[in-house]
1. For the range 48-146, with all protein chains present and a 1.4 Å probe, just round the carbon and sulfur fraction of the accessible area to a whole percent.
2. If each of GLN92 and GLN42 carries a label point 7 Å out from its Cα toward its Cβ, how far apart are those two points in nm?
3. Expressed in nm², what is the orientationally averaged projection area of the convex hull enclosing the Cα positions of the range 51-153?
4. What is the gain in length, in nm to one decimal, between ASP149 and GLN100 on full extension, counting 0.36 nm per residue of separation less the C-alpha to C-alpha distance?
5. Let me spell out the model: positive unit charges on the Cβ of Lys and Arg, negative unit charges on the Cβ of Asp and Glu, origin at the Cα centre of the chain. What dipole size does that give, in debye rounded to 20?
6. Report the local net charge at GLY114: Lys and Arg +1, Asp and Glu -1, summed over other residues whose C-beta lies under 11 Å from its C-beta.
7. Would you grab the residues whose amide H sits under 5 Å from the one on THR29? Only those 5+ places off in sequence or on another chain, please, with H modelled 1.01 Å from N.
8. Can you list the HN-Hα couplings for the range 135-146, worked out from phi with the Karplus curve (6.51, -1.76, 1.60; θ = phi - 60°), rounded to whole Hz and with x for Gly and Pro?
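The values are calculated or read from the model by the stated rules, or taken from the named source; none is laboratory data. What you see is a predicted model; the values in this text were computed from it and never measured. Reconstructed Cβ throughout: ideal geometry from the backbone, glycine too, with neighbour counts over all protein chains shown. In case anyone asks, the SASA skips ligands and DNA or RNA and just uses the protein heavy atoms, side chains included. Shrake-Rupley method; radii C 1.70, N 1.55, O 1.52, S 1.80 Å.
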Amino acid sequence: MAPAQAADQPATRGPVTNLPLPRFVSLKTSEGNARRGPSLSQRIDWVYTRRGLPLEVTAEFGHWRRVRDRDGAGGWVHYSLLSGVRTVLIEQDMVEMHAQPSEDAETLAQAEIGVVARLGECTATWCRITAGGERGWVRKSALWGVKADETRE
C-alpha cells in the first residue's frame, strides 16, 4: 500500500493527463486486458470482465494507464478502456443504504458484497451510491473505490 500523502504536499500528477495520481476510474467495457507493460506486445496478465469495475490508476505512460483492482492485482490498460465515471465496490455483505447519511435514517435497501455501484456525493464518512435501481447513503468504510479523506458534491 502506498504511503499516505501529507496534507501540505501537492498531489502527484500524471505526466500525460496532469490528473491526480493515484485516482479512481472505472472499466468502460465488458472486457479489458491488463498487460505486463504499456504496449500491445506485452503479455496479458489479467482480463477484467466486469463493466463498471472500479480501478485505481497508479501510473501513466502515453496512451496507457497502470491500474490496480481491489485485490491489488492489475497491469497496464489502454486508456480507451477506462472511464472517468466513478464506481465503487461494496466490501461488506448486506450493507444498508440509508435515506440520509446517518445510521438512524430509514433503510431504503441493502447491497450485497461484490456489487458495483455508481458513486455520487460523499461526506467525510458517508457516500451516496446507486445500484440495481436503488439509491442511498452508505458508510464510506464499506466501499472500495473512494479515498478515506475524499469528499464529493
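1. Percent of accessible area from carbon and sulfur atoms in the range 48-146: 45.
2. So the label points at GLN92 and GLN42 sit 3.6 nm apart.
3. Numbers: hull surface 26.6 nm².
Answer in nm², one decimal: 6.6.
4. Working: separation 49, 0.36 × 49 = 17.64 nm, distance 1.95 nm.
Fully extending the segment from ASP149 to GLN100 adds 15.7 nm.
5. Charge dipole, the chain, about its Cα centre: 860 debye, nearest 20.
6. Neighbourhood net charge equals -1.
7. Under 5 Å from the amide H of THR29: GLY52.
8. 9, x, 9, 10, 4, 4, 5, 8, 10, 10, x, 9
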